[in-house]
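Structure first, then comments.
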Amino acid sequence: MNSTSNSKYGEGRLKQENNWLRQEIIRIYHEQNGVYGAPKIREELLNLQLPFKASEKRVQRIMRSLGLRSVVIKKYRPYKLDAVYNGGENLLKRDFKASQRNEKWVSDITYIHVLNKGWCYLASIMDLSTNKIISWCFSQTMDKACVLSALHQAVSTQKPAKRVILHSDRGSQYTSHEY
């Protein structure tokens with residue numbers, strides 16, 4: 001029998017299988033909040049013990065035809081420098097208490113994943129006497145410009161009268177010559 005005579009008696013076997021697969025793929029995709037891609041959806045289909053083969057490529061083709069794509073969030077992998085900064089002295093020596101404002105500041109960078117922009121970075125400076133953020137900079141790049149912006153903002157808004165101890169993790173941004 002050819003395909004024209006098959007369509008006279010109802011849908012062909014392959015078409016029926018693909019229709020059934022479409023429904024199951026949509027169901028699994030939405031149950032997993034759009035996170036699963038073709039490999040994991042295929043694993044779920046294998047658990048159903050289908051009477052026919054559902055290869056990963058077949059699942060990919062059907063997902064593509066339905067416009068379904070998995071949500072991929074890349075894990076942040078920090079760049080590791082071989083050189084370790086040995087300059088500077090640890091003036092805080094783990095004493096994170098301050099008796100007056102603008103005596104001790106701590107600085108750090110926080111990694112934030114933003115759906116439409118990917119990884120972004122928040123450089124902030126906190127005054128240890130008030131435990132409040134006194135300046136910050138949000139950027140799509142983790143570079144010394146961001147930490148310098150936070151530092152300039154802290155100095156201009158707080159106007160410290162005397163020397164301030166500024167503690168950081170001594171990352172490459174904080175150990176740059178400009179900083």
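Where a number appears in this text, it was derived from the coordinates with a stated rule and is not lab data. It should be emphasised that the depicted structure is a prediction, and the values quoted were computed from it without experimental measurement. Methodologically, a virtual Cβ is constructed for each residue, glycine included, from the backbone with ideal geometry; neighbour enumeration extends over all protein chains shown.
Here's how it looks for Asp108: its modeled amide H is under 5 Å from those of Ser124, which are all 5 or more places away or on a different chain. The Arg64 and His30 beta-carbon pair, evaluated with R₀ = 25 Å, returns a calculated FRET efficiency of approximately 0.90. On the beta carbon distance between Lys53 and Glu11, with R0 = 25 Å, the FRET formula returns roughly 0.85.
The lysines whose alpha-carbon is closer than 20 Å to the alpha-carbon of Lys75, local same-chain residues fewer than 8 away aside, are Lys40, Lys117. The mean of 1/r over all pairs of different alpha-carbon atoms in segment 3-66, once inverted, gives a Kirkwood hydrodynamic radius of 12.4 Å. Modelled this way, with points 7 Å down the Cα-to-C-beta line, the labels at Asp108 and Lys75 are 2.1 nm from one another.
Report note on the peptides 156-166, 38-48: ranked by the mean count of other C-beta atoms within 10 Å, highest first, their order is 38-48, 156-166.
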